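Novice: So that we are looking at the same thing, I have put the structure below in structure tokens.
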Amino acid sequence: MCAPAGYRRDLRPPAPGPAPLSPQPIPNKPTAEATQASAEEQPVVYAEAIRENNIGMALMERHEFTRAVASFERACILNPTSDAGCLNIGIALFNMGRYDAAAPMLKKSAEHDPQNPRPWFNLGLLERETGELDQARADFAKAAALDPNDPGTQYFLGDLAEQSQQYEEAAAYFQNAINLDPASLAAEYGLSQAEEHMGDVDGAKAHHARYLELTASKLASHIQFVYGRQGKYSLAQEMEVPPRRAAAAIPVHFVDVTPISGLPQRAGGPPGRERGRSRTLPPNRLESKPTLGQFLGSGACIFDYDGDGRPDIFLVNADGKGQAALYRNVGQGRFVDVTKAAKLQFRGEGTGCAVGDYDNDGHPDLAVGSTNGIVLFHNQGDGTLADVTDTAGVRTQGLVLGLTFLDYDGGGKLDLYVTRFREFSLNHADQPFQFPDGLEPAGNVLWHNQGDGTFRDVTEEMGARGSGESIGVLGTDINNDGATDLVVTGWQKFPALLINSRGGAFRLLNPWAISMPGPAAGAVAFDFAHDGWMDLAFTHWAPPGMSVWRNVGGKSFQRVALLGPGWMRGWGIAPIDYDNDGWTDLVAVGETFSGEGRIVLFRNEGSAGFRDVTHETGLDKIVLYRPRSVIAFDYDGDGATDLLVTENDGPPVLLRNVGGNKNHWLALGLSGEADNRMGALARVELSAAAERQLLEVSGGSGYLGQGPAAVSAGLGMEGGADVVRIVWPSGAVQDELEMAAGKHVIREASAP
């Protein structure tokens, strides 16, 4: 595939001719002293090796094994301290059916790194294919000893035992695989067969029924003897990248452009927004005893409602009087109120919103929460939105706060989840408050998309009600199993993590090693450590106002050291790569004990941690009145990510990023075919030289709002991405190679 115009890879060596029919001799690995490059040379040399290995891995997923071998050979030679490229040559040759050539490569890798399960696993696969069953069992056993928690290894040990008619042993291995992966189709089928041979008729029937149930589920997949379908250790291995610091920050400044944006203004003109300037506080209807819903709202959603390629803004409360409004982006940094033209009629005390194309017609729809349930608007495709709440069957009562669209069952249609809180009056809204004792939690609601324009309440059967008063909801894949989990914030001590069991009810996970600062309000998921796991960040209704948590293998979370802002309450939060350096940063809004609204920006500096850059970006000069949501999006299309902040009982604040586009960037819009049309909750893995990023298409996050469907990634000085790997919600994997910086739309490839 030729690189697009403008995409340069100056350091890449010239591509050789066609891959040889037999692997080239790989030189013996020299000692560390012999390979120690200077500090200036080492990053360049190894970055190219990592680049080649990443491209080879993508080619493997595309089943272009001959080209993959060529990339892996270059990776092996360019980085003599790593065995990944050499091992991957053996894996590629095995998948080409060239067993005689693959075997010595895999054996050499096993000798080089005997503590790595991958070469033993692939030797086991090869030997199974060539009929060397005893040797295959021995090598799979070595892999299992190194990683007893891998379900794929347990399955193949069971399969080999069953082939040898050792049914009790096979049943034990299959059960191990099921315990490790409850959605293992192959293990359920194997166990049913083993039990049938053992005479356990009831057990065989039960496991066969479970096999059929999983088969009907779109989130479970069978073991298939093709690349990518034989367990994680059958896949090519990534080349390890040592922890490193982010590059030095480039100058970036945020400017308040609200007065010239066309967005709503305060009566009498905008007050001064720079700290230290005289200003008059706006009238506050909350000086009386407000309800909780009045105090907590409101949010905003960013979506291209008319399909012109520019992000528009929906404000749940645009004027401080409870009036929702839709503002169309007309280009050149300007917005126009099209609420009436769009026939958008919403009355009531609005709180939050979410966007999702629930009927897959190519036009994003809108759900709005309020103090009295939700309203679902269908995008008619002609610039108007119609209230379809009743016909869709999503009418509910009570104070709805968080909303998100997600495809929890991998069916290709977006379902809807909302969080609810009991309403009550606040005596002192400007002070910390307590939730009244003795009230029954309102309970959250999960609606399953029936595919005919209607939804069915599946809350109880899916175990999704929750156990306390809930504020926000975030869909993300916590444990990297390909299914969307739920993170629910609320009044309870810890956020609730509802893990998707892929075919059954959600199960509650409590992964928190230490206490939270206080009730969590806003939540976002982002891979700040570049380790391939989605980490979490929260705002809290208690000092210091926010916290960051590192995902440890999908099983626990460790709190990250962060010099918090020390707020009385935190509200909105959003991931943002404000300087496009490839490391996702964090922005949040909150309020101090003196009642001042603040915004804080933490720069992600890689292994050096997070650093407060609020002052150097000019955000400390921004005055906010009761801030609530903060959303990161590029409203003017210049590649620098801007900010929108909503205010309780007031109009929003639009902040333009000046300077962030000096680094390269990539904006990706996804278009599903078999999957949901918006690609909501798809995962995007991006590699550019030594940098790898993991991003998700959010279905609603932060606090009471949602950012754009497009995924934005900084590239630093790289002119493009070497590999963009999309894992669609159904589990389908798609790799795109050599994508130049700028804007792209990726359409879901047809299944082979």
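The values are calculated or read from the model by the stated rules, or taken from the named source; none is laboratory data. As the structure is a computational prediction, the values presented were derived from the model and not from experiment. FYI the Cβ positions are ideal-geometry reconstructions off the backbone, even for glycines, and counts take in every protein chain you see. Heads up: the accessible areas ignore ligands, DNA and RNA and are worked out on the full protein's heavy atoms, side chains in. Shrake-Rupley method; radii C 1.70, N 1.55, O 1.52, S 1.80 Å.
Novice: Could you run the Karplus curve 6.51 cos²θ - 1.76 cosθ + 1.60 with θ = phi - 60° over the stretch 547-562 and give me ³J(HN,Hα) per residue in whole Hz, x for Gly and Pro?
Specialist: Per-residue couplings from phi come out as 8, 10, 10, 8, 7, 9, x, x, 10, 8, 10, 10, 6, 9, 4, 8 Hz.
Novice: Write down the radius of gyration of the stretch 594-752 and its Dmax, each obtained from C-alpha positions, in Å.
Specialist: 17.4, 61
Novice: Would you kindly state how much longer the chain becomes between residue 662 and residue 391 on full extension, computed as 0.36 nm times their sequence separation minus their alpha carbon distance, in nm to one decimal?
Specialist: 92.7 nm
Novice: Just round it to a whole percent: the fraction of Cα-Cα distances in the stretch 555-665 exceeding 17 Å.
Specialist: Tail fraction, whole percent: 54.
Novice: Apply the a/c threshold of 1.5 to the C-alpha gyration tensor of the stretch 496-582 and tell me whether it is rounded, prolate or oblate.
Specialist: It comes out oblate by the Cα gyration axes.
Novice: May I ask you to compute the full-extension gain from residue 255 to residue 452, defined as 0.36 nm times their residue separation minus their alpha-carbon distance, rounded to one decimal in nm?
Specialist: Taking residue 255 through residue 452 to full extension adds about 66.4 nm, to one decimal.
Novice: Provide the FRET efficiency to the nearest 0.05 for the residue 337-residue 515 pair, computing r from the beta carbons and using R0 = 41 Å.
Specialist: For residue 337 and residue 515, the calculated efficiency is 0.35.
Novice: For q = 0.12, 0.17 Å⁻¹, what log10 I(q)/I(0) does the stretch 381-465 give under the Debye formula with an equal point scatterer on each alpha carbon and no solvent?
Specialist: -0.49, -0.81
Novice: Whole number in Å², please: accessible area per residue of the chain, 1.4 Å probe, ligands, DNA and RNA not counted.
Specialist: The answer is 39 Å² per residue.
Novice: Moving on to the next point. Express in % the proportion of alpha carbon pairs of the stretch 656-724 at distances exceeding 19 Å.
Specialist: 42
Novice: Also, quick follow-up: Give me the log10 of I(q) over I(0) for the stretch 415-531 at q = 0.12, 0.23 Å⁻¹, as the Debye formula computes it from C-alpha points; what are the numbers?
Specialist: -0.50, -1.43
Novice: Let me ask something else. With r defined as the distance between the Cβ atoms of residue 615 and residue 245 and R0 fixed at 25 Å, what FRET efficiency is calculated, to the nearest 0.05?
Specialist: About 0.75, to the nearest 0.05.
Novice: What is the calculated FRET efficiency for residue 166 to residue 505, with r their C-beta to C-beta distance and R₀ = 35 Å, to the nearest 0.05?
Specialist: The computed FRET efficiency comes out at 0.50.
Novice: If you don't mind, another one. Note down the relative contact order for the stretch 546-593 as a percent, whole number, built from C-alpha pairs under 8 angstrom at least six residues apart.
Specialist: Relative contact order of the stretch 546-593: 30 percent.
Novice: Counting alpha carbon pairs within less than 8 Å and at least 6 residues apart, what relative contact order, in whole percent, applies to the chain?
Specialist: Worked out over the chain, it gives 12 percent.
Novice: Also, I was wondering about something else. So for the pair residue 77, residue 201, with labels modelled 7 Å out along Cα→Cβ, what separation do we get in nm?
Specialist: 6.6
Novice: Okay, helix-only estimate at 222 nm for the chain: each DSSP H run of n ≥ 4 adds -39500 (n - 2.57), divide by all residues, round to 500 deg cm²/dmol; what do you get?
Specialist: Result for the chain: -6500 deg cm²/dmol, rounded to the nearest 500.
Novice: Ignoring any ligand, DNA or RNA, what whole percent of the accessible area of the chain comes from carbon and sulfur when the probe is 1.4 angstrom?
Specialist: 51
Novice: Eigenvalues of the Cα gyration tensor times 5, then square-rooted: what semi-axes does that give for the chain, in whole angstrom, largest first?
Specialist: Square roots of five times the eigenvalues give 46, 31, 23 Å.
Novice: Just for the Cα atoms in the stretch 696-747, what are the lengths along the principal axes, largest first, rounded to whole Å?
Specialist: Cα spread of the stretch 696-747 along its principal axes, largest to smallest: 36, 28, 15 Å.
Novice: If you don't mind, another one. I'd like the distance separating the alpha-carbon centroids of the stretch 292-319 and the stretch 577-628, in whole Å.
Specialist: 22
Novice: While we're on this one: Take residue 238, project a point 7 Å from its Cα along the Cβ direction, then tell me which residues of the stretch 538-560 have their backbone nitrogen under 19 Å from it.
Specialist: Label zone hits: 549-558.
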